[in-house]
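These notes concern the structure reproduced below.
Quick note: the coordinates plus some simple rules give every number you see, no bench work behind them. All figures in this text were calculated on a predicted structure; none of them were measured in a lab. All Cβ positions, glycine included, derive from the backbone under ideal geometry; neighbour counts span all protein chains shown.
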Amino acid sequence: MLMANPVVAVVGRPNVGKSTIFNRIAGERISIVEDTPGVTRDRIYAHGEWLGKDFNLIDTGGIEISDQPFMTQIKQQAEIAIDEADVIIFLVDIKTGITDADEQVAQILYRSNTPVVLAVNKVDNPELRSQVYDFYSLGFGDPYAVSGIHGIGIGDLLDAVINNFPDEIAQEEDDSIRFSLIGRPNVGKSSLVNAILGENRVIVSDIAGTTRDAIDTKFTAADGAKFTMVDTAGMKKRGKIYENTEKYAMLRAMRAIDNSDIVLVVLNADEGIREQDKRIAGYAHEAGRGVIIVVNKWDLVTNKNTQTLKSFENIIRQEFQYLSYAPIVFVSAETKQRLIKLPVLIQQVYDHHTKRVQSATLNDVLMDAIAANPTPTQNNKRLRVFYATQVAIQPPTFIIFVNDPDLMHFSYQRYLENQIRESFDFTGTPIHLIIRQRK
Ligand code: GDP
Ligand code: GDP
């Protein structure tokens, strides 16, 4: 249902200005205030937009592969860019000219079919422009002169980037629900993929995604519901050094989240909850996707009694407070316990994520809520709620028109959200409330 955005990666040796360019392109979007606990802004992955085209942007410089020599790291970052991106911005530095490390990166980029746009950074003034032509010898065609610091030449660079986007693959009629399994390494994502496919024993077909590397798997559940498991191939890919680095795992998770309707956040019952689990879950929440928390390896929890499940659930609720809407399911890829329930649950969450409620009913709910718990006042001024209407799905988004948005106290907004949740089942999906002044 959701379209995959093209991916643009910025590569180049350290200090050429990758993160400066990255921040330029990502612009204001990146500085959005974070309010999900546990989510630190890694700043290696962001959304960009140019001339109405949306894309995702990766700063490969932020992917540190520890214990590797300098040159190996740069090469691996270039390989990651080739694996992940539809277009690569190869960034070099006018002040240093072409260095050995630039040549090494170029060697790796030559070997792929991914389009490369060469950008020469730090061209802060027009006098430097004549030197830009020296970079022709790298063999990537016209170099684009830019200055990350001064914001010069970024528009021309982005023109070239979007010209190289893959043609939008004519999307076949697809009414399937797209979901992904995300989680840190070894929680059992691949095992779950195989087990889910095995349990449903159904028509499985690999289709090429809109982005080159993402291979999605389609299947039909026993009841006929159609699903697309996002990025299954990427998940199965093994054996590369960078696979287990946390930043890389985050990157893959964020891409999968972007391309999914519903996200299954996989935890390992045997190991409990780690910081990385929280960060990954935080991204799913922020992206506004439907979320299901899947606790895998339940078979490894020994001496289970009636309280075991409940107390595990309490810990999860405590650690993932912002995901209070997400259902929790305890499974085992090994014994197949409760796996059969997953497709049904995904379908339900999808229904809630795409649910539309009637304005009349919505307003009845709000008016009842206000009657039961009067609106707050501030400086003798009372909040007045005029009416509300749903303006979007995925996630369900409501505008509430009021006399003065400043009077909408956080806790009162939370109260209204809870009342909406109680009246309409929105299990598994975030809902957004936008408070507007009525003109
Ligand atoms: P990265 O290691 O490739 O991500 O590079 P950074 O973005 O961290 O930049 C490295 C250094 O180059 C920093 O000191 C930046 O301020 C500087 N820099 C980045 N872009 C420009 C530019 O357009 N002009 C100049 N003069 N300096 C720049
Ligand atoms: P991924 O890195 O998240 O894709 O994790 P894998 O699917 O590769 O699983 C990591 C390890 O956990 C493998 O050795 C699996 O056999 C094991 N594993 C996965 N799921 C379960 C489970 O439900 N129970 C048990 N006991 N082991 C599991």
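Net charge within 14 Å of residue 376 by Cβ-Cβ distance, Lys/Arg positive one each and Asp/Glu negative one each, not counting residue 376 itself?
Combined, the nearby Lys, Arg, Asp and Glu give +2.
Can you compute the charge dipole magnitude of the chain about its Cα centre, using +1 on each Lys and Arg Cβ and -1 on each Asp and Glu Cβ, nothing else charged? Give it in debye, rounded to the nearest 20.
My answer is approximately 1180 debye.
Based on the Cβ-Cβ distance of residue 307 and residue 413, what FRET efficiency does E = 1/(1 + (r/R0)^6) give at R0 = 30 Å, to the nearest 0.05?
0.30
Of 431, 335, 410, which is farthest on the positive side of the dipole of the chain, counting Cα position, with +1 on Lys and Arg Cβ, -1 on Asp and Glu Cβ, and the Cα centre as origin?
The one lying farthest along the dipole's positive direction is 410.
Filter the cross-link list 53/278; 218/341; 53/75; 189/310; 95/247; 226/247 down to pairs whose alpha-carbon distance in this structure exceeds 21 Å.
Beyond 21 Å between Cα atoms: 53/278; 53/75; 189/310; 95/247; 226/247.
Of the beta bridges DSSP finds with both residues in the stretch 302-439, what % are antiparallel, to the nearest 5?
Restricted to the stretch 302-439, the bridges split so that about 55 percent are antiparallel.
Taking amide H positions as placed 1.01 Å from N in the peptide plane, with prolines and chain starts having none, which residues 5 or more places from residue 45, or on another chain, fall under 5 Å of its amide H?
Residues meeting the criterion, in which the H sits 1.01 Å from N, are 59.
Could you compute the net charge surrounding residue 66? Neighbours are other residues with a C-beta less than 11 Å from the C-beta of residue 66; K and R count +1, D and E count -1.
Neighbourhood net charge equals -2.
Within the P(r) computed for the stretch 313-382, what percentage of the Cα pairs occupies the region above 18 Å?
68 percent
Taking the C-alpha atoms of the stretch 354-439, how large are the radius of gyration and the largest Cα-Cα span, Dmax, in Å?
Considering the stretch 354-439 through its Cα atoms, Rg and Dmax are 12.4, 40 Å.
Taking 0.36 nm per residue of separation and subtracting the Cα-Cα distance, what length does fully extending residue 334 through residue 321 add?
1.8 nm
Hey, can you grab everything whose amide H is under 5 Å from the amide H of residue 402? Only 5+ residues off in sequence or another chain; H modelled, so Pro and N-termini drop out.
Distant-sequence amide H within range of residue 402: 386, 436, 437, 438.
Given the alpha-carbon gyration tensor of the stretch 107-181, what are the semi-axes of its equivalent ellipsoid in whole angstrom, ordered largest first, with each equal to the square root of 5 times an eigenvalue?
Working from the Cα gyration tensor, I get semi-axes of 34, 16, 11 Å.
Hey, what's the per residue convex hull volume over the C-alpha atoms of the stretch 291-439, in cubic angstrom?
Details: hull volume 19.0 nm³, N = 149.
Dividing the Cα hull volume of the stretch 291-439 by its residue count gives 127 Å³.
What is the set of long-range amide H partners of residue 355 at a cut-off below 5 Å, with H atoms built 1.01 Å from backbone N?
Sorted by chain and number, the residues that satisfy this are 394.
Could you calculate the FRET efficiency of residue 159 with residue 223 from 1/(1 + (r/R0)^6), where r is the beta carbon distance between them and R0 is 41 Å, rounded to 0.05?
0.30
Based on the Cα gyration tensor of the chain, what are the three equivalent ellipsoid semi-axes, each the root of five times an eigenvalue, rounded to whole Å and given largest first?
Taking √(5λ) for each Cα gyration eigenvalue gives 41, 30, 20 Å.
If you consider only alpha-carbon coordinates, what radius of gyration and Dmax does the stretch 400-439 have, in Å?
11.2, 34
Based on DSSP, what percent of beta bridges with both residues in the chain are antiparallel, to the nearest 5?
Looking only at bridges with both residues in the chain, the antiparallel portion is about 40 percent.
Working from the alpha-carbon coordinates of the stretch 265-376, get Rg over Rh, Rh being the Kirkwood radius.
With Rg and the Kirkwood Rh in hand, the quotient comes to 1.08.
In a shell of Cβ-Cβ distance under 15 Å around residue 132, excluding residue 132 itself, what net charge do Lys and Arg (+1) and Asp and Glu (-1) give? If you can, show how the numbers build up before the last one.
On the way: positive: 95, 122, 129; negative: 93, 102, 124, 127, 134, 142, 156.
Cβ neighbours under 15 Å give a net charge of -4.
Using each residue's phi in the stretch 97-112, evaluate 6.51 cos²θ - 1.76 cosθ + 1.60 at θ = phi - 60° and report the 3J(HN,Hα) Karplus result to the nearest Hz, with x for Gly and Pro.
x, 6, 10, 4, 5, 4, 4, 5, 4, 4, 4, 6, 5, 4, 6, 10
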